[in-house]
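The values are calculated or read from the model by the stated rules, or taken from the named source; none is laboratory data. Please read all numbers here as calculations on a predicted model, not as lab measurements. Note that we place each Cβ from the backbone using ideal geometry, even for glycine, and neighbour counts take in every protein chain shown. With ligands, DNA and RNA removed, areas are computed over all heavy atoms of the protein, side chains included. Shrake-Rupley method; radii C 1.70, N 1.55, O 1.52, S 1.80 Å.
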Amino acid sequence: MEMTARLAHLDTKVDGRNCDGLVNHNGETTEIRVPLSHTGKRLSPIEGGNLYRLRDRKFLLEDKKRLCAWALGTALLGILLMVLHAELCPVVYQPGSIYALSINGLISFSTGCLLILIIAFHYKDIRLFIIDHNQVDWRIAMTSNRVLGISLELIVCAIHPVAIYLRPDMGGRLGGKPEQNSSTPLCLSSSHKEVMLDVELLLSALMFLRLYLVHRAVLLHSKVLLSASYRSIGSLNNINFSFRFVLKVLMNKYPARTLLVFIMFFWLSAAWMLRLCERQKQVETGGMDTALWLIAITFLTVGYGDVSPHTSCGKLVCLFTGVMGVACTAMLVAVMTKKLALNKGEKHVHFFMMDIQISKRIRHAAADVLRECWLLHRTTQTKDNSGEHRHHQRCLLEAIRVFRHLRLKQRKIRDYASEMVDLSKMQMIMCDLSANWNSSYHELEQRIISMEQKLDELGRSFQSTSELLTQALHRRRLDHR
């Protein structure tokens, strides 16, 4: 900011916004004007200083969140239009009709908008990098990894079905009457080559790769990244706030909800992709109900064998479904294990009660050992029945074995319970004891100091008393003389 002082009544406005004040100085009027920047105008980081850098960083983060949300919405719109086109053609409208061209045009338009949003998002990201690292040249941020990542994102987002634009007979059918061809599995005419059918099928399936934007939207809109306390504590502990960290937080806070949403979405998406791959062969797996059943038994790694994919694309979808099913099963087992595990308090109570029960059994086992020893001693004194003597010997050895087994079990339980000691709680207890000792020490020190002061006062009073006695004795002697 810039502050100017004027010694005359000026009525000019600087930058559209001023802070004026009148000060009497030697009979004259001094006008102080503080010009501020325009509302909404952003200064560069170098001109604005640290405050402007922080303000611009906040604005850039908000712009990134907004652009990411728009990009995800545009990607989902393109996927929905693709699914709608694949389901309606050729059932509702025929290939080469104006409706097919319109929907494909909307898909291409949404793809173009998505590419523009991706470029704008990375532009904001580069500006944020420049502000964070206090750089001036934007080319410093364009590393090889960043360029490769941006190029890969643009390639993935640019994928969409373009087979209708490559058809040589499309223009002649736009104005004419559509042919009735109910045997065509996708929105292609029967005269088209088989290669174009596979290309459109592949491009339609690859449009689901746009869902990588979900993890970016979750990261930018998560409460973990928006919370200042999270970021402060994380920066002190060198924590990188990536999607992996956010996913761990979600799995810890809402494990069942997160797994359920992911499994349901993956189930429906994989079933539709399998139907898209299989219906070109006109087989039973081309139906949605059969595809849902096949994906479910493949995901759960059951595999009854009643249905199976017939195309290479369908086999690839089932293979990927099996891999994801194994991964989700492992996560589900981990979540259930965590939910069924005892917490620290429950473990302490459980092991305490087990220790009490084993202590009772040890006392009973020790009593059995003493009883068998007494019975064996009594049969030894009689020396009449050798069979009874051997019976009591066997009973004594069995009682000793049970006693040792219970003692070993009790030792293991106590060792495991001793490992469960809460170190943080012990540290807090030790800190409290240390604080109490310090306070007691300071209190004792204050008492010693007060006792020293009282002793000094007592010594001074003794000295003054002795002086008074000396003076009194001296006066009395003078009176006697």
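Can you tell me which residue in segment 309-346 is surrounded by the most Cβ atoms within 10 Å (Cβ to Cβ), limited to those that are of a type in the set (S, T, Y) and modelled with pLDDT under 85? It would help to see each step written out before you state the result.
Within segment 309-346, the first condition is being of a type in the set (S, T, Y), and the residues that meet it are 311-312, 321, 329, 337.
From the residues that got through so far, the ones that are modelled with pLDDT under 85 too are 311-312, 337.
Working: T311: 19, S312: 10, T337: 9.
In this case the residue turns out to be T311.
S151 passes every criterion in (1) modelled with pLDDT of 85 or more; (2) surrounded by 11 or more Cβ atoms within 10 Å (Cβ to Cβ) apart from (2). Within segment 67-77, none of the residues are open to solvent by 30 Å² or more (accessible area, probe 1.4 Å) and either modelled with pLDDT under 90 or hydroxyl-bearing (S, T, Y) (or both). Given the conditions (1) outside any helix (DSSP H, G or I); (2) open to solvent by less than 20 Å² (accessible area, probe 1.4 Å), and given that V92 satisfies all but one, which numbered condition is not satisfied? V92 satisfies every listed condition except (2). Residue selection: K360 fails the criterion of being open to solvent by 60 Å² or more (accessible area, probe 1.4 Å), touching a residue at least 12 places away in the same chain (Cβ under 8 Å), more than 18 Å from F299 (Cα to Cα) and in a helix (DSSP H, G or I). Against the numbered list (1) out of contact with any Lys or Arg (no Cβ under 8 Å at 6 or more places or on another chain); (2) without any contact (Cβ under 8 Å) to a residue 40 or more places away in the chain; (3) assigned to a helix (DSSP H, G or I), F320 comes up short only at (2). Here's a check for you: in segment 256-301, which residue that is at pLDDT below 85 and not in a helix (DSSP H, G or I) is least open to solvent (accessible area, probe 1.4 Å)? Ranking the qualifying residues of segment 256-301, first place goes to G287. Just so you know, in segment 334-357 the residues that are in a helix (DSSP H, G or I) and in contact with a helix residue (DSSP H, G or I) (Cβ under 7 Å, 6 or more places away or on another chain) include one that is farthest from C395 (Cα to Cα), and it is V335.
Give me a count of the residues in segment 368-412 that are outside any helix (DSSP H, G or I) and not charged (D, E, K, R). Talk me through it step by step, then tell me what you get.
Going residue by residue through segment 368-412, those that are outside any helix (DSSP H, G or I) are 383-385.
Those left that are additionally not charged (D, E, K, R): 385.
Matching residues across segment 368-412 total 1.
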